[in-house]
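The next block holds one structure in the form of structure tokens; read it before the comments.
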Amino acid sequence: KDSTAFRLWAPTAQAVSVNLYESGTEGTDDLIESIPMTADINGTWVASKNGDLNGIYYTYTVTINGEEKEANDPYARTTGVNGKRAMIIDLESTNPEGWDSDSNPHAGEGINDAVIYEMHIRDVSSDSSSGIENVGKYLGLTETGTTTENGVPTGLDHIKDLGITHLHLLPFYDYGSVDETKLDTPQFNWGYDPVNYNVPEGSYSTDPYHGEVRVKEAKEMVKTLHDNDISVVMDVVYNHVYNAGEFCFNVIVPEYFSRVNDNGTYSNGSGCGNDTASERSMVKKYIVDSVKYWADEYHIDGFRFDLVGLLDTETMNEVIGEVHKDHPDVIFYGEGWSMQTSLTKEGYSMTTQTNSTEVPEMAFFSDTLRDLLKGNTFSTTEKGFVSGANGKEKTLQKCFMGLSPEWCTTPSQSINYASCHDNLSLMDRIIRSTPEASVEERIRMNNLTAAIYMTAEGVPFMQAGEEFLRSKVKADGGLDENSYASPDSVNSLKWSNLEDEQYQNVYQYYKGLIAFRKAHPVLRLDNAENVKAHVTPVEDLDDNVVAFAITGDVDGETADGMYVIFNANNEKKEVTLPEGNWNVCINDTLAGTDTIETISGTAEVAPVSALILVKGDGNGSTAVVSAGTLPAWMAYVFTILVAVVIGACSVWSQKKAGKAGRK
Ligand code: CA
């Protein structure tokens, strides 16, 4: 309130000044004054200004080799429109009510207890059937009670009802590919093009021109999600920037932030034009400070690192260590693919799957399981286990145990998934590889996929909308394999589909799988020794049948034992059960924590389906019923049931059992 202090690291500059502006809009002729800065320790420059500067905008001008350049502050806390001018901000004044007592709703839980749901802020509200007022905004995720035209819950209520623990939001730091001055024009981007790492993206705010608005609204979103028992994961992209030459850090300290090849071009392992030189000390410090800032200031509960294989393990371990000092429950995972990049120093290892033991608190996406389930991501007509590929049994045994033949040694480092924002959606991928299959057969493949990765040891992760057969159909009718800049019509979540019984049944199946997982600690073991002690693959089964016998002697586990069977054949298969009575909780059409039927002796597993049974009490202690949305939801179930009764009485009894299973 009394004064503002500025400090900038610009060791190669001959002179630096700070420019104060009335507005945050680049090009506006409203300079208040330029204050020359004084050289200080370690290549930094300092200045201070008396008075309350909250709401004043600023930039730096650096003189390097006689040339003056204006740049934004790499440490900017917020900016004006399009992130060109930083704003001095009293962060305390942006806190929502109750912020001091706000905390991670899943504090005390480990990464293996997480069920992660990956979503783009715009997609949740951009289809008119969402019923959400704040289309494409942070505030869209603060709206409760939203429904489709016929009363099916959408948005936040839907996500809460599904039962996920962590909402992973695609990048919402300030990125460059959406013009914040043209928000009335249709625009879409995933946002993997960072401009200001410590500033919320302006296009998701209701006013990108006033820097405090985006900060307030991003915090309100986090607060509301926390109040609804949902932890927030931020997708972060430290491996490259939108434009290396124009990135403020590189303007202030030329060629420092990005890796440069011997021939003077930028290293481009990312495929996005440049790679971040994380091995340099002030870049490492910058990444550590940035991640810690989001955890401290915005109460972010997890970070998903884009192309983390381009960042060194020393930096990642320091990031995780520093964040965990104050926030021990924050989870970290990323894309650990191996890539070619030009390091600026010797002796650094990269944060890849193959180096996973060097970064023990970092989990990695399991492309092993992903490709095994549905076929290779890049050969989209290739089949996987669920669509009839042979010879996958042994690898599936490993993956189900949270391990991987090639790289993963513990279930706490395996992100188990079948689809994410990249490439075809799960249903689109199944469609592409099974031209001969019926819709019903494809839904069986979809649900078998989900049953596998949702019950496997490791950390389940899903793309938003997979639970109601998300499809990305282009205007020409083709399936969109890379919708990073595609229109809302392709990317939006089509909530009205949930009014259709076929889609609604898939949704209920996912919801039941999640409830089942949350009810059974034995599916959430966090180390390989424990898994090997409790999970045993069953040998000598038919081809394309994989099963596991799981013991129940784990803390908090209510079942005396569990038997998990996956049948990828087009015909039903019989599997001999261990002695005793077994309660079916998951079959080809229903999933949940309640018993559908009790069997013994031989289990009959329907074509392309999972059969999961527990011994003793099938009900877990942690199954969650979302009381807030129950009445509207029950009304909807009733509508479906009536329709089913009229249609076919034989289906009726199945649905009735299903209703019980859905609790
Ligand atoms: Ca932006």
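The values are calculated or read from the model by the stated rules, or taken from the named source; none is laboratory data. These numbers were taken from a predicted model, which means no experiment stands behind them. In this analysis, Cβ positions are derived from the backbone assuming ideal geometry, glycine residues included, and neighbour counts consider all displayed protein chains. All accessible areas refer to the heavy atoms of the entire protein, side chains included, with ligands and DNA or RNA removed. Shrake-Rupley method; radii C 1.70, N 1.55, O 1.52, S 1.80 Å.
Suppose the filter is part of a loop (DSSP other than H, G, I, E, B) and within 16 Å of the ligand (Cβ to nearest atom); does Asp174 pass it? In short, no. Just one of the numbered conditions (1) outside any helix (DSSP H, G or I); (2) surrounded by 17 or more Cβ atoms within 10 Å (Cβ to Cβ) is not true of Val291: (1). Looking only at residues in the stretch 56-83 that are under 20 Å from Ala5 (Cα atoms) and open to solvent by 30 Å² or more (accessible area, probe 1.4 Å), the one that is nearest to the ligand (Cβ to nearest atom) is Arg77.
Inside the stretch 485-507, can you point out the residues that are under 14 Å from Gln187 (Cβ atoms) and assigned to a helix (DSSP H, G or I)? The answer is Asp488, Ser489, Val490, Asn491. Candidates Asp193, Asp235: the one that is under 24 Å from Ala464 (Cβ atoms), surrounded by fewer than 24 Cβ atoms within 10 Å (Cβ to Cβ) and within 10 Å of the ligand (Cβ to nearest atom) is Asp193.
Between Gly264, Gly309, which is surrounded by 21 or more Cβ atoms within 10 Å (Cβ to Cβ), small (Gly, Ala, Ser) and not in a strand (DSSP E or B)? Step by step, each of Gly264, Gly309 is checked, and only Gly309 is surrounded by 21 or more Cβ atoms within 10 Å (Cβ to Cβ), small (Gly, Ala, Ser) and not in a strand (DSSP E or B). For the stretch 84-101, a tally of residues being in a loop (DSSP other than H, G, I, E, B) and either away from the ligand (no atom under 16 Å from the Cβ) or in contact with a helix residue (DSSP H, G or I) (Cβ under 8 Å, 6 or more places away or on another chain) (or both) returns 7. Of the residues making up the stretch 591-616, just one is open to solvent by 30 Å² or more (accessible area, probe 1.4 Å), hydroxyl-bearing (Ser, Thr, Tyr) and under 35 Å from the mean Cα position of the chain (by Cα), namely Thr595. Within the stretch 554-590, the set of residues being within 30 Å of the chain's Cα centre (by Cα), under 20 Å from Pro607 (Cβ atoms) and part of a loop (DSSP other than H, G, I, E, B) comprises Ala568, Asn587, Asp588, Thr589, Leu590.
Within the stretch 198-219, can one find any residue that is away from the ligand (no atom under 16 Å from the Cβ), open to solvent by less than 10 Å² (accessible area, probe 1.4 Å) and touching a residue at least 40 places away in the same chain (Cβ under 8 Å)? The answer is yes; a qualifying residue exists.
Selection of first residues in the stretch 518-533 that are open to solvent by 30 Å² or more (accessible area, probe 1.4 Å) and of second residues that are of a type outside the set (A, V, I, L, M, F, W, C) and at pLDDT below 95, restricted to Cβ pairs under 6 Å at least 6 apart or on distinct chains, gives the following pairs, ordered by first then second residue: Lys518/Thr622. Taking residues in the stretch 486-503 that are in contact (Cβ under 8 Å) with a residue 40 or more places away in the chain and closer than 22 Å to Asp476 by Cβ, and partners anywhere that are open to solvent by less than 50 Å² (accessible area, probe 1.4 Å) and aromatic (Phe, Trp, Tyr), the pairs with Cβ atoms closer than 9 Å and at least 6 places apart or on different chains are Ser486/Phe188; Pro487/Phe188; Asp488/Phe188; Asn491/Phe188; Asn491/Trp190; Leu493/Phe468; Lys494/Phe468. If you filter the stretch 380-393 down to residues that are of a type in the set (S, T, N, Q) and open to solvent by less than 50 Å² (accessible area, probe 1.4 Å), you find that the one that is farthest from the chain's Cα centre (by Cα) is Ser387.
It is to be established whether one or more residues within the stretch 223-232 are within 13 Å of the ligand (Cβ to nearest atom), under 28 Å from Val115 (Cα atoms) and either free of Cβ contacts under 8 Å to residues at least 12 places away in the same chain or crowded, with 24+ Cβ neighbours inside 10 Å (or both). There is no residue in the stretch 223-232 that is within 13 Å of the ligand (Cβ to nearest atom), under 28 Å from Val115 (Cα atoms) and either free of Cβ contacts under 8 Å to residues at least 12 places away in the same chain or crowded, with 24+ Cβ neighbours inside 10 Å (or both). Is it the case that Glu557 is more than 17 Å from Gly391 (Cβ to Cβ), surrounded by 22 or more Cβ atoms within 10 Å (Cβ to Cβ) and touching a Pro at 6+ places or on another chain (Cβ under 8 Å)? Yes: the conditions hold for Glu557.
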